[in-house]
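To keep things clear, I will list the structure first and then write my remarks on it.
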Amino acid sequence: MACSWKKSGYWLNAGLAAALLLNAVSAQSRRLNGPFMPETLGDVLDYLISPDGAFVVYVADQDTNDVYELYRTPLDGSGAPVQLNSEMVEGGNVGELFNFYAEFLISPDGSRVVYRADQELDERFELYSVPADGSS
Ligand SMILES: [Ca+2]
Ligand SMILES: [Ca+2]
């Protein structure tokens, strides 16, 4: 008896989860990353939301396949992404690819982004800081 009640409880929860999922799918989503070129297999690797919720910083190979760079864009998708990292040497990336996560943090006041990249020499990873608004 108790077992079958648990079972129906489980199915009830599964049904509720499915309903919530359907709800989420039907909500209006907006793509935040910049458009990937049709011939580019672009991937968003990781992202963080700023402390004030105004913008999101993400790492993606948005412009060139397998060259992962840092971008900032308004959280509500109201503007185009701005690239934050400086020009990369060939083979340079924000973070190490085999980690499958990016390596950057937004400062607590949201003013700067710190990231790890082999930006100046391939495979030599150093730490960089950049204004979060993309200014120099
Ligand atoms: Ca890719
Ligand atoms: Ca590299």
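None of the figures in this text is laboratory data; all of them are computed from the coordinates on show. It should be emphasised that the depicted structure is a prediction, and the values quoted were computed from it without experimental measurement. Using ideal geometry, Cβ is built from the backbone for each residue, glycine included, and neighbour counts are taken over all protein chains shown.
Assuming 0.36 nm per residue, please report the length gained on full extension of the stretch L121 to S29 beyond their Cα-Cα distance.
Here the answer is 29.3 nm.
Report the gain in length on full extension from S129 to D52: 0.36 nm times residue separation, minus Cα-Cα distance, nm rounded to one decimal.
25.8 nm
Compute the FRET efficiency between D63 and S107 as 1/(1 + (r/R0)^6), taking r as their Cβ-Cβ distance and R0 = 25 Å, and round to the nearest 0.05.
0.50
Under the Karplus relation 6.51 cos²θ - 1.76 cosθ + 1.60, θ = phi - 60°, what is the ordered set of whole-Hz ³J(HN,Hα) values for segment 29-38, x standing for Gly and Pro?
So the Karplus estimates, Gly and Pro as x, are 9, 10, 6, 9, 5, x, x, 7, 4, x Hz.
How large is the Kirkwood hydrodynamic radius of segment 65-136, counting all unique pairs of alpha carbons, in Å?
12.7 Å
Starting from the amide H of F55, placed 1.01 Å from N in the peptide plane, find each other amide H under 5 Å away whose residue is 5 or more places distant or on another chain.
Residues meeting the criterion, in which the H sits 1.01 Å from N, are S50, L75.
With 10 angstrom as the radius, rank R112, R124 by how many other C-beta atoms surround their C-beta, starting from the fewest.
Least to most surrounded, the residues fall as R124, R112.
Applying the Karplus parametrisation 6.51 cos²θ - 1.76 cosθ + 1.60 with θ = phi - 60° to the phi angles of segment 120-127, what ³J(HN,Hα) value in whole Hz is obtained for each residue in order, glycine and proline being reported as x?
In residue order, the calculated couplings are 9, 9, 4, 6, 10, 8, 10, 9 Hz.
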